[in-house]
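K.L.:
Submitted below is the structure of interest, expressed as C-alpha cells.
The values are calculated or read from the model by the stated rules, or taken from the named source; none is laboratory data. From a predicted model like this one, the values you see are computed outputs, not experimental measurements. Using ideal geometry, Cβ is built from the backbone for each residue, glycine included, and neighbour counts are taken over all protein chains shown.
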Amino acid sequence: MELLETEGLTKDFGGLRAVDHVDLVVRRGEIHGVIGPNGAGKTTLFNLITGYLRPTYGAIHFKERRIDGLPTHRIVTLGIARTFQIVRPFTELSVLENVLVAWGHRYYRKTGPFRPYANARRRAREILESVGLADRADIPAGTLPIGLQRRLEIARAMALEPELMLLDEPAAGLTEEEIGGLKELVGRIVATGVTVVLVEHRMSFVMDICEVITVLDHGRVIAEGAPEEVAHDPAVIEAYLGTGSVNAAG
Amino acid sequence: MTLGYLLTVGTFTGIFMILTLSLNILTGYAKQVSLGHAAFFGIGAYAAAILATKFGLSFWAALPCVVAVTTVVGIFLGLPSLRVSHDFLVLSTIGLNFIVGSVFKYFSFFGGSMGIVDIPTPTFFGKAFGTVGYFGLTFAFVTLAVLTSIYFSRTWGRLAMEAFGEDETAAKAMGINVAKFKIYAFAISSAYAGIAGALWAHYVGSVFPENFGFDRSIDILAMLVLGGLGTIRGAVFGALLLQVLPEALRFIQDYRMLVSGAVLALMMVFQPMGLLGKGSFLYLRSLGILRHFRRGVASGAP
Ligand SMILES: Nc1ncnc2c1ncn2[C@@H]1O[C@H](COP(=O)(O)OP(=O)(O)OP(=O)(O)O)[C@@H](O)[C@H]1O
Ligand SMILES: [Mg+2]
C-alpha cells in the first residue's frame with residue numbers, strides 16, 4: 001500500500017456532492033498536485049483527509065492504517081500536517097510561539113502539557129530561520145503581511161515534522177518573487193523526506209514542481225498523470241475552459 | 001484604621017488574588033469566558049464548611065478533599081463548553097451561579113438560606129490562627145498560587161490553551177485535543193477556586209448562598225479584566241485595585257456592583273488588554289521606561 005490512499009471517497013453537503021468517489025494515491029516522496037476549478041472539492045478533500053469532515057462514503061488509509069473517523073489531533077500525531085487556504089495564524093501569539101504550538105504536538109499527551117517549553121525555543125527558531133522569518137520571531141503573528149503569514153503556515157507544518165504535508169494554495173496572493181522562494185522552500189521540505197500534496201491555482205507553479213497531478217472537477221477525478229499529459233488532456237482543457245478561470249496549458 | 005482592619009482587608013484581597021489567578025487560566029488563557037466563577041468559589045467554600053462542621057475534619061485534612069471536590073464538580077460544570085460556542089458558554093456560565101446558588105439554598109444538607117455557621121478557625125500545631133496568622137496563611141497560599149501560575153505559564157499546556165482559545169480549528173491542526181484541554185482548564189481553574197473557597201469559609205466562619213452569587217462572579221471577572229487578561233501580574237494587580245480601592249473610598253462601597261460593572265464595560269471598550277496586559281498602554285509605557293533605563297545603564301551614563 002502507498003503512503004496515502006483514498007477509496008471511493010465521497011462527501012455530500014445536503015444535495016451537493018462536493019467530493020465524488022475519489023481514489024487518490026499518494027506515493028512516498030512525491031510532490032502530488034491537486035488542481036481543479038473553483039468549487040471542485042479540493043479543500044473538502046483536505047478536510048476529509050485531516051478529519052475535519054467525516055466522509056459520506058469511502059475510506060482513507062495512511063501508512064496502511066484506516067484514519068477516516070479519527071479526530072484531527074490524532075491524524076496530526078500520526079504524521080499528516082496541513083496548511084489552510086485562508087491562513088489561520090494565532091494572531092495574538094508571537095511568530096515564535098505559533099511555531100512552538102506546532103512543535104508541542106508531541107507534548108500534548110500524558111504529563112507533557114505540564115512540562116515547560118523553554119528548551120524547544122532553539123529548535124523553533126531554527127525552523128523560523130529556514131523559512132526566513134527569524135527576524136520577526138517576537139512580533140504578534142497577526143501583524144505579519146499576508147505573504148509572510150503563508151510562510152508561517154508552512155513553518156508550523158514543518159514543526160509538526162509530518163510524513164505527509166498538505167498545502168492548500170500556498171502561492172495564493174504571493175508575488176512572482178515570493179513564489180520563487182516558495183518553490184525553493186517546498187523543494188527543501190521534500191528533500192528532507194516529506195511527501196507533499198499541493199493544491200494550487202497557479203498553473204505554472206504546479207506544472208513546475210509536481211511529479212503527478214490529479215485534476216478534480218465537480219468533486220470527480222477527471223484526469224491524472226504527469227504534468228504534460230494532464231495539460232493536454234481534452235477533459236481538463238474542457239473543464240477549465242468551461243469555467244473560463246484558468247488556462248490549463250499555461 | 002487599626003492593624004486588624006488592614007489585615008482583614010489584606011486577607012480578603014489575597015483570597016481574591018487566588019480567584020483572579022484561577023480565572024486567568026480559564027478565561028485569560030483558554031478564553032472560556034466565565035460569568036459564573038463565584039459558583040466554583042462557592043463550591044470550595046461549602047465543601048470546606050461541610051467537611052469542617054459535619055465531618056469534623058481540620059482545615060488541613062479537609063483541604064485536599066476540598067480541592068478534589070471542587071475540581072471534579074468544576075470538570076462536570078465545564079462539560080457544556082465542549083458543546084456550545086463562546087457566546088453560549090457565557091450564557092451557560094451565568095446560569096451556573098443560579099443553579100449552584102439554588103442547590104445551596106434549597107437543600108437542607110447545605111444549610112438552606114440559613115447557611116452553615118460556626119466553621120472553626122484553622123489551627124497550626126494546636127494553635128489557632130489569629131488575624132495576623134490568617135493573613136500569613138492566606139499569603140502563603142497566594143504565593144503558592146502565583147508560583148504555580150508562573151510555572152504553568154511556561155508549559156506546553158498554556159501554549160495549547162492560548163492556541164485553541166483563539167482558534168479551535170487551527171489548534172486541532174497543531175495536534176491539540178481541544179476537548180481535553182478545555183477540561184484541563186476547568187479542572188485547574190476549579191482547584192485554585194477551591195482553595196480560595198476554603199480560605200474564605202474558615203476566615204469568615206460562615207457561608208451563605210448570597211456570598212457566591214452572580215454579582216461576585218462579575219467582581220472577579222472585572223478584577224481580571226482590569227488588571228489584564230492572560231497575565232499573572234494583571235490578575236494580582238486587578239484584585240488588589242478593586243478590593244482595596246472601595247475600602248479606601250468608603251462612598252464607593254454601596255455601589256460595588258456599579259463599579260465592577262462599569263470597570264468591565266469601560267475596559268472592554270477602551271483597554272481590552274487591561275491596565276497591565278500584553279499590549280496595554282501602561283505595560284508598553286513601562287517597557288519603554290525600562291528600556292530607556294537599561295540603555296542608560298549600559299551606556300554608562302551618569
Ligand atoms: N462546509 C460546507 N458546507 C456546505 N458546502 C460546502 C462546505 N464546504 C464546501 N462546500 C461546497 O463544496 C464544494 C467544494 O468546495 P471546496 O472548498 O472543496 O472547493 P475548492 O476546490 O477548494 O475550491 P477553491 O478553489 O475555490 O478553493 C463547493 O461547492 C462548496 O460550496
Ligand atoms: Mg479550496
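K.L.:
Just checking, which of B:THR138, B:THR143 is under 19 Å from B:GLY194 (Cβ atoms), in the same structural domain as B:PHE76 (by TED's automatic domain parsing), of a type in the set (S, T, N, Q) and in contact (Cβ under 8 Å) with a residue 40 or more places away in the chain?
P.N.:
Exactly one of B:THR138, B:THR143 is under 19 Å from B:GLY194 (Cβ atoms), in the same structural domain as B:PHE76 (by TED's automatic domain parsing), of a type in the set (S, T, N, Q) and in contact (Cβ under 8 Å) with a residue 40 or more places away in the chain, namely B:THR138.
K.L.:
Here's something else I'd like to know. Among the residues of segment A:40-87 satisfying the criterion of being among the aromatic types (Phe, Trp, Tyr) and within 10 Å of another protein chain (Cβ to nearest Cβ), which is farthest from the chain's Cα centre (by Cα)?
P.N.:
Per the criteria, the residue is A:TYR52.
K.L.:
Only one of these is assigned by TED's automatic domain parsing to the domain that holds B:ALA61, farther than 26 Å from B:ILE119 by Cα and not in a helix (DSSP H, G or I): B:GLY234, B:GLY230, B:GLY238. Name it.
P.N.:
On the way: B:GLY234 fails: not in a helix (DSSP H, G or I); B:GLY238 fails: not in a helix (DSSP H, G or I).
Only one candidate passes the filter, namely B:GLY230.
K.L.:
Against the conditions (1) modelled with pLDDT of 95 or more; (2) within 16 Å of ligand 2 (Cβ to nearest atom), where does A:LEU160 fall short? Just the number, please.
P.N.:
(2)
K.L.:
Just give me the residues in segment A:102-123 being among the aliphatic types (A, V, I, L, M) and either closer than 12 Å to A:LEU160 by Cβ or more than 14 Å from every other protein chain (Cβ to nearest Cβ) (or both), in sequence order. If you could, list the steps in order and put the result at the bottom.
P.N.:
Applying the first criterion (among the aliphatic types (A, V, I, L, M)) to segment A:102-123 yields A:102, A:118, A:120.
Of everything in segment A:102-123, just one residue is among the aliphatic types (A, V, I, L, M) and either closer than 12 Å to A:LEU160 by Cβ or more than 14 Å from every other protein chain (Cβ to nearest Cβ) (or both), namely A:ALA102.
K.L.:
Could you say which residue among A:GLU129, A:GLU97, A:GLU64, A:GLU92 is away from ligand 2 (no atom under 16 Å from the Cβ) and closer than 18 Å to A:LEU9 by Cβ?
P.N.:
Details: A:GLU129 fails: closer than 18 Å to A:LEU9 by Cβ; A:GLU97 fails: closer than 18 Å to A:LEU9 by Cβ; A:GLU92 fails: closer than 18 Å to A:LEU9 by Cβ.
Among A:GLU129, A:GLU97, A:GLU64, A:GLU92, only A:GLU64 is away from ligand 2 (no atom under 16 Å from the Cβ) and closer than 18 Å to A:LEU9 by Cβ.
K.L.:
Looking at B:MET161 and the list (1) surrounded by fewer than 21 Cβ atoms within 10 Å (Cβ to Cβ); (2) in contact (Cβ under 8 Å) with a residue 40 or more places away in the chain; (3) within 12 Å of another protein chain (Cβ to nearest Cβ), which single condition is not satisfied?
P.N.:
Exception for B:MET161: condition (1).
K.L.:
Against the conditions (1) more than 16 Å from ligand 1 (Cβ to nearest atom); (2) under 16 Å from A:THR10 (Cβ atoms); (3) among the hydroxyl-bearing types (Ser, Thr, Tyr), where does A:THR43 fall short? Just the number, please.
P.N.:
(1)
K.L.:
Hey, could you check segment A:46-87 for residues that are of a type in the set (D, E, K, R) and on the phi > 0 side of the Ramachandran plot and say which is nearest to ligand 1 (Cβ to nearest atom)?
P.N.:
Going through the qualifying residues, I end up with A:LYS63.
K.L.:
Is it the case that segment B:88-105 has a residue that's buried (at least 18 other Cβ atoms within 10 Å of the Cβ) and closer than 30 Å to A:PRO116 by Cα?
P.N.:
The answer is yes; a qualifying residue exists.
K.L.:
Further question on the same structure: Exactly one of these conditions fails for B:ILE183: (1) within 14 Å of chain A (Cβ to nearest Cβ); (2) closer than 24 Å to B:LYS278 by Cβ. Give me its number.
P.N.:
If we test B:ILE183 against (1) within 14 Å of chain A (Cβ to nearest Cβ); (2) closer than 24 Å to B:LYS278 by Cβ, just (2) comes out false.
K.L.:
Any chance segment A:176-191 includes a residue that's within 20 Å of A:GLY41 (Cβ to Cβ) and at pLDDT 90 or above?
P.N.:
So in segment A:176-191, the residues within 20 Å of A:GLY41 (Cβ to Cβ) come out as none.
No; the residues of segment A:176-191 include none that is within 20 Å of A:GLY41 (Cβ to Cβ) and at pLDDT 90 or above.
K.L.:
Kindly provide the set of residues from segment B:194-224 that are among the β-branched types (Val, Ile, Thr), under 27 Å from B:LEU266 (Cα atoms) and modelled with pLDDT of 95 or more, ordered by number.
P.N.:
The one that is among the β-branched types (Val, Ile, Thr), under 27 Å from B:LEU266 (Cα atoms) and modelled with pLDDT of 95 or more: B:ILE220.
K.L.:
If you take the residues in segment A:1-51 that are part of a loop (DSSP other than H, G, I, E, B) and within 16 Å of ligand 2 (Cβ to nearest atom), which one is surrounded by the most Cβ atoms within 10 Å (Cβ to Cβ)?
P.N.:
First, pick out the residues of segment A:1-51 that are part of a loop (DSSP other than H, G, I, E, B): A:1-3, A:14-15, A:23-24, A:27-30, A:36-41, A:50-51.
Checking which are within 16 Å of ligand 2 (Cβ to nearest atom) leaves us with A:24, A:36-41, A:50.
Numbers: A:LEU24: 21, A:GLY36: 27, A:PRO37: 20, A:ASN38: 9, A:GLY39: 15, A:ALA40: 23, A:GLY41: 25, A:THR50: 20.
Top of the filtered list is A:GLY36.
K.L.:
Check segment A:81-93 and report whether any residue there is in a helix (DSSP H, G or I) and over 13 Å from B:ILE176 (Cα atoms). Break it down stepwise before answering.
P.N.:
Of segment A:81-93, the ones in a helix (DSSP H, G or I) are none.
No, that holds for no residue.
K.L.:
Exactly one condition in (1) over 14 Å from B:LEU26 (Cα atoms); (2) among the hydroxyl-bearing types (Ser, Thr, Tyr); (3) surrounded by 14 or more Cβ atoms within 10 Å (Cβ to Cβ); (4) over 18 Å from the mean Cα position of the chain (by Cα) is false for B:THR70; which is it?
P.N.:
(4)
K.L.:
Here is a further query. Within segment A:180-204, work out how many residues are within 16 Å of ligand 2 (Cβ to nearest atom) and buried (at least 21 other Cβ atoms within 10 Å of the Cβ).
P.N.:
Within segment A:180-204, residues that are within 16 Å of ligand 2 (Cβ to nearest atom) and buried (at least 21 other Cβ atoms within 10 Å of the Cβ) number 4.
K.L.:
Do we have B:LEU51 as buried (at least 19 other Cβ atoms within 10 Å of the Cβ), free of Cβ contacts under 8 Å to residues at least 40 places away in the same chain and aliphatic (A, V, I, L, M) here? Spell out the reasoning first.
P.N.:
Details: buried (at least 19 other Cβ atoms within 10 Å of the Cβ): yes; free of Cβ contacts under 8 Å to residues at least 40 places away in the same chain: yes; aliphatic (A, V, I, L, M): yes.
Here the answer is yes, as B:LEU51 does meet what is asked.
K.L.:
Follow-up question, since we're still on this one. If I ask for residues that are among the β-branched types (Val, Ile, Thr) and closer than 18 Å to A:GLU224 by Cα, which ones from segment A:190-204 would you list?
P.N.:
A:THR195, A:VAL196, A:VAL197, A:VAL199, listed by residue number.
K.L.:
If the requirement is being aromatic (Phe, Trp, Tyr) and under 19 Å from B:PHE208 (Cβ atoms), which of these qualifies: B:PHE76, B:PHE88, B:PHE110?
P.N.:
Going through B:PHE76, B:PHE88, B:PHE110 in turn, just one is aromatic (Phe, Trp, Tyr) and under 19 Å from B:PHE208 (Cβ atoms): B:PHE110.
K.L.:
Can you report the number of residues in segment A:150-166 which are surrounded by fewer than 20 Cβ atoms within 10 Å (Cβ to Cβ) and either under 19 Å from A:GLU184 (Cβ atoms) or within 12 Å of chain B (Cβ to nearest Cβ) (or both)? Before the answer, list the steps.
P.N.:
Just the residues of segment A:150-166 that are surrounded by fewer than 20 Cβ atoms within 10 Å (Cβ to Cβ), to begin with: A:161, A:163.
Add one more test, that the residue is either under 19 Å from A:GLU184 (Cβ atoms) or within 12 Å of chain B (Cβ to nearest Cβ) (or both), and what stays is A:161.
Adding up the residues that qualify gives 1.
K.L.:
Something else now. In segment A:12-40, what residues are near ligand 1 (Cβ under 8 Å from one of its atoms) and closer than 22 Å to A:MET165 by Cβ?
P.N.:
Hits for segment A:12-40 are A:VAL19, A:GLY36, A:ALA40.
K.L.:
So if I check each of B:ILE119, B:ILE176, which one is in the same structural domain as B:LEU63 (by TED's automatic domain parsing), part of a loop (DSSP other than H, G, I, E, B) and touching a Phe, Trp or Tyr at 6+ places or on another chain (Cβ under 8 Å)?
P.N.:
Within the list B:ILE119, B:ILE176, the selection yields B:ILE176.
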